[in-house]
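Asks: Please read through the structure below; I'll follow up with questions.
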Amino acid sequence: MKNFQIILIAVFIGTAVIGLLVFSGAIPLGGNNAEQGQGTVVVWGTFKGSAINTLLEDLNTTNPTFIVTYIEKNPENFDEDLLEALASGTGPDMFFLPDNLAFHYRNKILAIPYQTYSVSSFRKTFASAGEVFLNSKGIMAFPMTIDPMVMYYNRGMLDSNGITNPPTNWADFTEIAPSLTKKDDTNKITKSAVALGHFSNVYNAKDILSLLFMQSGSSIVKESEGRFVSDLILAGGVGLETALQYYTDFADPKKGIYSWNKSFPLSRDYFSTNNLAFYFGHASELASLVNRNPNQNFLVAEVPQIKGSNFKTTSARVTGLAISAASRNANTAFIAANLMSSGDFATKLAINLGVTPARRDLLSAKPSDSYYPTFYSSALFARSWLDPDPKDTNNIFRTMIDSVLSNTLSTSESISDASSKLSLLLNK
């Protein structure tokens, strides 16, 4: 068994080195057939097979020298199954990589060197949210889709209160929120402007607070001298404190914008009852929202920005296509991933998943329905961050919010505490 493990490790390292040499041009790719790719490559992901198999059939027909096959994995077991498969040498050549697993798999990916695919070319090709897959070693994955956070709003509630258009900045949001929150004679909220302030019953709470932090100028996690560190810092200003305070004020009964408390159901469910004016969700949630209440009169808008800011930001979930460092056909995997991230394949995959493509040229061709133009425009200014462990960071953000609401810590102390915990995760 020990000898087998040594051999396996040697093969793993050897394959990774050969792949890097191929991509860097040190080993020539060979003739036309090699440049077109050869053999079969396997890709794993959690997308439904119905969303991708027909697209792969077309890809394989157009490129007859190689075949790409897709294996659908259960989202709940994907991480565990992939780790086990890679460790045993039976893993896929490629896998669809969610941004919140990129940090976890950074050492198991065949990073594409910048000598092969430059940073400038990457940024000209893909929207900024895709930069979550860039690090000092190279490109971890080809960005495929962007699922931006947007602001769904109940048009009937706004109309009833004489509000002609949804707010475009947080200052205006603060102004109109009190008029949309209704209370009965016992001061109990019967209709709410927005579900913000808490964590447990606010769907997408971490993503919403991340969006406020990124609008304040923080990247949340950044790479410095080859190390990933927390960017939840307060030096140079109080932007993050202001953002956290703004978020929690919506759960403070003493504030004029108070509109949410722990007695409410999950915010996405409450929005579908026509009792919540604004819901911050992702583009991919559209179909679910429609199905929950087909008669609901809602539209979508870009998320509000900081008034007077010279840039726009929303948060997003990004999925990329990564090449396994253990792939035995890295050259073909590289060619296939490049093809899949562009053109017809990427556009149709995004449509099938209810999100947007990641390429800038594809985002310029906006659909003409009531929702997707906003999704596409939001994807262009969306950002993501390198989450070291989704479950642990959920707890970090939950504690940060709860500490302020319970007056256990001040906003600055809560952020400092969160930053320290985030640093520990990044150094594991």
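Asks: Among (1) under 21 Å from Glu285 (Cβ atoms); (2) part of a helix (DSSP H, G or I); (3) of a type outside the set (A, V, I, L, M, F, W, C), which single condition is Asp369 missing?
Replies: (2)
Asks: Related question: Evaluate the stretch 104-118: report whether one residue or more is crowded, with 22+ Cβ neighbours inside 10 Å, assigned to a strand (DSSP E or B) and either touching a Lys or Arg at 6+ places or on another chain (Cβ under 9 Å) or of a type in the set (A, V, I, L, M) (or both).
Replies: yes
Asks: Consider the stretch 55-64. How many of its residues are in contact (Cβ under 8 Å) with a residue 60 or more places away in the chain and either of a type in the set (A, V, I, L, M) or part of a loop (DSSP other than H, G, I, E, B) (or both)? It would help to see each step written out before you state the result.
Replies: Taking the stretch 55-64 first, the residues in contact (Cβ under 8 Å) with a residue 60 or more places away in the chain are 55, 58-59, 63.
Subsequent filtering for residues that are either of a type in the set (A, V, I, L, M) or part of a loop (DSSP other than H, G, I, E, B) (or both) retains 55, 59, 63.
Here the count works out to 3.
Asks: Continuing with this model, one more query. Determine if the stretch 186-201 includes at least one residue that is more than 30 Å from Asn407 (Cβ to Cβ), of a type in the set (Gly, Ala, Ser) and within 27 Å of the chain's Cα centre (by Cα). Before the answer, list the steps.
Replies: Taking the stretch 186-201 first, the residues more than 30 Å from Asn407 (Cβ to Cβ) are none.
No, the stretch 186-201 contains no residue that is more than 30 Å from Asn407 (Cβ to Cβ), of a type in the set (Gly, Ala, Ser) and within 27 Å of the chain's Cα centre (by Cα).
Asks: Starting from residues that are out of contact with any strand residue (DSSP E or B) (no Cβ under 6 Å at 6 or more places or on another chain) and assigned to a helix (DSSP H, G or I), keep the ones in the stretch 372-381 and report whichever is nearest to Phe311 (Cα to Cα).
Replies: Filtering first and then ranking leaves Leu380.
Asks: Test of understanding: among Lys124, Lys108, which residue is closer than 19 Å to Leu363 by Cα, charged (D, E, K, R) and either in contact with a helix residue (DSSP H, G or I) (Cβ under 7 Å, 6 or more places away or on another chain) or in contact (Cβ under 8 Å) with a residue 60 or more places away in the chain (or both)?
Replies: None of the others qualify; the one that does is Lys124.
Asks: Right, here's the next one. With (1) within 24 Å of Ile220 (Cα to Cα); (2) small (Gly, Ala, Ser); (3) in the same structural domain as Asp249 (by TED's automatic domain parsing) as the list, and Gly156 as the residue in question, which single condition is left unmet?
Replies: Exception for Gly156: condition (1).
Asks: Out of the residues in the stretch 380-422 that are touching a helix residue (DSSP H, G or I) at 6+ places or on another chain (Cβ under 8 Å) and of a type in the set (Asp, Glu), which is nearest to Arg360 (Cα to Cα)?
Replies: Asp387
Asks: Could I ask something else about it? Could you please find all residues in the stretch 135-151 being over 17 Å from Leu363 (Cβ atoms) and surrounded by 22 or more Cβ atoms within 10 Å (Cβ to Cβ)?
Replies: Selection gives Ile139, Met140, Ala141, Met151.
Asks: Something else now. Return the residues of the stretch 166-206 that are touching a Leu at 6+ places or on another chain (Cβ under 8 Å) and within 26 Å of Asn295 (Cα to Cα); say none if nothing qualifies.
Replies: Scanning the stretch 166-206 gives Pro166, Leu180, Lys191, Ser192, Ala193, Val194, Ala195, Asn201, Val202, Tyr203.
Asks: Name the pairs: first residue in the stretch 65-83 and closer than 20 Å to Leu55 by Cα, second residue of a type in the set (D, E, K, R) and in a loop (DSSP other than H, G, I, E, B), Cβ to Cβ under 9 Å, at least 6 apart or on different chains?
Replies: Close Cβ pairs (under 9 Å, with a partner that is of a type in the set (D, E, K, R) and in a loop (DSSP other than H, G, I, E, B)) amount to Val68/Asp93; Glu72/Lys48.
Asks: Just to be sure I understand the filter: pairs with C-beta atoms under 9 Å, separated by 6 or more residues or on different chains, first member in the stretch 193-217 and assigned to a helix (DSSP H, G or I), second member surrounded by fewer than 21 Cβ atoms within 10 Å (Cβ to Cβ) and basic (Lys, Arg). Which pairs pass?
Replies: Ala205/Arg398; Lys206/Arg398; Gln215/Lys312
Asks: Pick out, from the stretch 269-358, the helices (runs of 4 or more DSSP H) lying fully within it that include 2 or more residues that are out of contact with any strand residue (DSSP E or B) (no Cβ under 7 Å at 6 or more places or on another chain) and without any contact (Cβ under 8 Å) to a residue 60 or more places away in the chain. Full working, then the answer.
Replies: On the way: elements: 286-292, 330-340, 343-353.
Output list reads 286-292, 343-353.
Asks: Now a separate question. Among the residues that make up the stretch 230-248, is at least one of them in a loop (DSSP other than H, G, I, E, B) and closer than 18 Å to Ser315 by Cα? Explain how you work it out, then say what you get.
Replies: Step one: of the stretch 230-248, the residues in a loop (DSSP other than H, G, I, E, B) are 231-238.
Next cut, closer than 18 Å to Ser315 by Cα only: 231-232.
There is at least one residue in the stretch 230-248 that is in a loop (DSSP other than H, G, I, E, B) and closer than 18 Å to Ser315 by Cα.
Asks: Now, a different point. Does Ser284 meet the test of being surrounded by fewer than 21 Cβ atoms within 10 Å (Cβ to Cβ), in contact with a Lys or Arg (Cβ under 9 Å, 6 or more places away or on another chain) and closer than 30 Å to Ala111 by Cα?
Replies: Yes: the conditions hold for Ser284.
Asks: Does Leu101 meet the test of being under 19 Å from Ala358 (Cβ atoms), crowded, with 16+ Cβ neighbours inside 10 Å and more than 25 Å from the chain's Cα centre (by Cα)?
Replies: No.
Asks: Restricting to the stretch 152-165, what's the tally of residues that are under 30 Å from Arg360 (Cα atoms) and touching a Pro at 6+ places or on another chain (Cβ under 8 Å)?
Replies: Qualifying residue count for the region: 1.
Asks: For the stretch 287-294, check the following and say yes or no: at least one residue is within 24 Å of the chain's Cα centre (by Cα) and surrounded by 16 or more Cβ atoms within 10 Å (Cβ to Cβ).
Replies: Yes: one or more hits.
Asks: Just the residues that are among the aliphatic types (A, V, I, L, M) and assigned to a loop (DSSP other than H, G, I, E, B), please, taken from the stretch 386-413. Show your work before the answer.
Replies: Taking the stretch 386-413 first, the residues among the aliphatic types (A, V, I, L, M) are 386, 396, 400-401, 404-405, 409.
Those that are among the aliphatic types (A, V, I, L, M) and assigned to a loop (DSSP other than H, G, I, E, B): Leu386, Leu409.
Asks: Within the stretch 63-76, identify whether any single residue is farther than 25 Å from Asp387 by Cα, touching a helix residue (DSSP H, G or I) at 6+ places or on another chain (Cβ under 9 Å) and buried (at least 20 other Cβ atoms within 10 Å of the Cβ), and answer yes or no.
Replies: Yes: one or more hits.
The values are calculated or read from the model by the stated rules, or taken from the named source; none is laboratory data. Everything quoted here is computed from the prediction, not taken from an experiment. Cβ atoms come from the backbone with ideal geometry, glycine included; neighbour counts cover every protein chain shown.
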